[in-house]
Amino acid sequence: MFLETEKMLKILYSPVIYSHPTHLPDSIHNMNNEDNVLINYWLITHYQLKDLPAHWEARDSISLLILSRWELIHDAACMIGGYLLRCQLLKKCATLMSNPRLSSFISLPIRHHVLLANTENNLDTLSLGVAFVLSQIPHLPIGLKERVILILPAEIKLPEIYIARCPDHLNLLKMAINYAIDYK
């Protein structure tokens with residue numbers, strides 16, 4: 001599996017494609033699609049997004065999977081966060097009732113070793129899922145991590161939680177991406 005150059009260029013230089021709208025000022029929301037070059041330039045300069053290190057390549061299968069399915073990170077992160085928070089979500093039936101995809105995903109018997117006992121009660125599925133994804137690819141360059149953060153709404157902060165990389169967690173990540181592919 002290899003990553004196409006065009007795909008990597010879109011990730012690096014077209015952040016408008018995947019950025020959450022809350023990262024854009026109201027004046028930019030009214031711009032046309034022809035103005036995407038200007039919006040991309042604004043996002044890159046405003047958030048001071050870094051380039052990749054010289055000669056960097058994604059070499060492991062998880063980094064390649066994340067980068068090749070970049071457009072699915074949001075959906076996969078929501079599913080992973082929901083899976084990790086499923087005990088709390090079962091108490092909040094409204095959340096599950098409004099999202100049948102999440103409901104079917106959290107019913108899967110996937111093992112994980114994430115303990116959330118000492119974390120905040122107000123964690124949301126997306127921020128926890130993104131923290132999980134980033135923890136599984138710790139060697140990802142800062143320029144790509146900054147771009148992953150643009151997927152989140154601007155007001156959401158990532159929880160400070162360490163999630164070890166292990167086969168069960170990689171399986172959870174792969175399953176979430178497969179579910180996201182099937183539901184697109």
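Points worth noting:
- Charge tally in the Cβ shell below 12 Å around residue 143, where Lys, Arg are +1 and Asp, Glu are -1, residue 143 excluded: +1
- Spacing of the two label points (7 Å from each Cα toward its C-beta) at residue 98 and residue 162, in nm: 3.5 nm
- Neighbours of residue 109 by Cβ distance under 12 Å: Lys/Arg scored +1, Asp/Glu scored -1, total +1.
- Remark: the chain carries a charge dipole of roughly 620 debye about the Cα centre, counting +1 on each Lys and Arg Cβ and -1 on each Asp and Glu Cβ.
- Global size of the chain: 16.8, 48 Å for Rg and Dmax (C-alpha atoms, Rg to one decimal, Dmax whole).
- Relative contact order (%) - segment 5-182, alpha-carbon pairs under 8 angstrom, separation at least six: 34 percent
- Taking Lys and Arg as +1 and Asp and Glu as -1, the other residues whose beta-carbon sits under 14 Å from that of residue 7 total -1.
- Segment residue 35..residue 142, full-extension length gain: 35.8 nm, with 0.36 nm per residue of separation and the alpha-carbon distance subtracted.
The numbers here are math on the coordinates, done by the rules we state, and not lab data. Source: prediction; values computed, not measured. In this analysis, Cβ positions are derived from the backbone assuming ideal geometry, glycine residues included, and neighbour counts consider all displayed protein chains.
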